[in-house]
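The values are calculated or read from the model by the stated rules, or taken from the named source; none is laboratory data. None of these values were measured; they are calculated from a predicted model. Neighbour counts run over all protein chains shown; Cβ positions are idealised from the backbone, glycine included.
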Amino acid sequence: MPLTLNQIRKNCQQARERMATARAQHWAFGAFNLDDEPTLIAVARAAKKHNAPVLVEVSQGEVDDIGLNNIRDLVDNTKEAFGVEMYVNLDHSPSVEAARAGIEAGFEFIHIDISQANHDASDDEIINATKAVVRYAKLTGASVESEPHYFGGSSNLHTEMIDYEEIKKTFSTPDGARSFVEATGIDTFAAAIGNLHGKYPVPKVLDLKLLKQIRQAVDCNISLHGGSGTPGHYFRDAVKIGVTKININSDMRIAYREALEQALKENPDEYSVAKLVSKYVVDAVEKVVTSKIADFNSSDKALI
Ligand SMILES: [Zn+2]
């Protein structure tokens with residue numbers, strides 16, 4: 001059943017209040033990528049078992065595959081069936097139009113990312129598009145997230161090493177963060193402090209000193225993208241510093257694929273791949289989600 005505008009506004013208001021609570025209590029929402037329905041079940045099971053509030057999120061690829069309204073319905077039905085606190089985020093929305101569609105579909109969180117769609121977008125283009133989404137989000141009260149420039153990597157298993165000297169050039173700066181937040185009025189600043197999309201042959205290193213400076217420079221929420229392949233201690237510290245949303249995708253995808261490959265190998269006569277997914281893959285993805293919930297200090301924080 002589609003949500004009414006009033007229900008959407010209520011959800012968005014609650015999501016805003018919960019982000020503030022997370023910041024005050026030093027825990028973070030895991031924002032877990034929703035590749036398909038089994039992935040959603042894995043997130044819901046982990047959230048239920050550990051009484052953790054969670055976000056699920058989709059990028060444009062999943063929106064094209066599944067559809068915004070189907071995603072909203074899937075999340076609402078699952079939320080109700082499991083009795084969990086769950087919100088939905090439109091991740092890396094490539095245009096103002098795509099972000100507006102997410103707002104209208106009732107997503108509580110909207111990430112507008114003009115620079116990923118166009119690496120050459122000017123500062124003004126990025127600021128103006130972000131401002132337009134912030135303005136439109138007033139319709140429902142959805143929280144808007146963004147960052148001032150392109151953020152590296154892709155949600156996959158990478159074989160190349162991480163060139164920290166190159167990556168450092170793309171780090172957020174406290175002054176840059178402050179002026180971007182002031183210019184756009186966003187609710188959540190996506191910080192770049194060594195986090196990178198994807199999983200690499202070496203563990204990631206986060207600059208927590210820089211994170212502290214950014215935390216002091218801005219008064220809005222702070223998120224970390226590219227959380228996969230990051231040693232857990234960084235998250236535990238980042239959450240203490242005041243990060244309230246951490247995106248996880250690649251770690252789940254890798255667990256998904258490895259479990260599926262193993263299941264196919266062990267069950268050569270089973271042609272219902274969906275059965276194998278539900279029997280083996282969901283558990284593997286759930287384990288990843290559970291370990292992140294522990295690192296994000298979000299166990300036993302759910303409203304329900
Ligand atoms: Zn991201």
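Considering the stretch 105-133, the residues that are of a type in the set (Asp, Glu) and farther than 13 Å from Gln60 by Cβ include one that is nearest to the ligand (Cβ to nearest atom), namely Glu108.
One residue stands out in the stretch 123-160 among those that are in a loop (DSSP other than H, G, I, E, B) and touching a Cys at 6+ places or on another chain (Cβ under 9 Å): the one that is surrounded by the most Cβ atoms within 10 Å (Cβ to Cβ), namely Ala142. For Arg257, state whether it is modelled with pLDDT of 95 or more, within 16 Å of the ligand (Cβ to nearest atom), under 19 Å from Asp36 (Cα atoms) and not in a loop (DSSP other than H, G, I, E, B). Spelling it out, it is not the case that Arg257 is modelled with pLDDT of 95 or more, within 16 Å of the ligand (Cβ to nearest atom), under 19 Å from Asp36 (Cα atoms) and not in a loop (DSSP other than H, G, I, E, B).
Among the candidates Ser298, Ser250, the residue that is within 16 Å of the ligand (Cβ to nearest atom) and within 15 Å of the chain's Cα centre (by Cα) is uniquely Ser250. When Lys275 is tested against the conditions (1) free of Cβ contacts under 8 Å to residues at least 12 places away in the same chain; (2) within 18 Å of Ala46 (Cβ to Cβ); (3) not small (Gly, Ala, Ser), the lone failure is (2). If only residues of the stretch 207-237 that are within 15 Å of the ligand (Cβ to nearest atom) and of a type outside the set (S, T, N, Q) are counted, the one that is surrounded by the most Cβ atoms within 10 Å (Cβ to Cβ) is Gly227. Restricting the stretch 260-274 to residues that are assigned to a helix (DSSP H, G or I) and out of contact with any helix residue (DSSP H, G or I) (no Cβ under 9 Å at 6 or more places or on another chain) leaves a set whose member that is nearest to the ligand (Cβ to nearest atom) is Glu261. Going through (1) in contact with a Leu (Cβ under 6 Å, 6 or more places away or on another chain); (2) at pLDDT 95 or above one by one, Gly226 falls short only on (2). Taking the stretch 202-232 as the range and being over 16 Å from Phe171 (Cβ atoms) and either of a type in the set (Asp, Glu) or without any contact (Cβ under 8 Å) to a residue 12 or more places away in the chain (or both) as the test, only Asp219 passes.
So which residues in the stretch 22-69 are free of Cβ contacts under 8 Å to residues at least 60 places away in the same chain and closer than 21 Å to Ala238 by Cα, if there are any at all? Within the stretch 22-69, Ala24, Val56 meet the criteria. Given the criteria at pLDDT below 95 and not aromatic (Phe, Trp, Tyr), does Thr184 qualify? It is false that Thr184 is at pLDDT below 95 and not aromatic (Phe, Trp, Tyr). Tyr150 meets the conditions (1) touching a Lys or Arg at 6+ places or on another chain (Cβ under 7 Å); (2) within 16 Å of the ligand (Cβ to nearest atom) in every case but one. The failed one is (1).
Before we move on, is Val218 closer than 21 Å to Phe189 by Cα and at pLDDT below 95? Taking the combined requirement at face value, the residue does not satisfy it.
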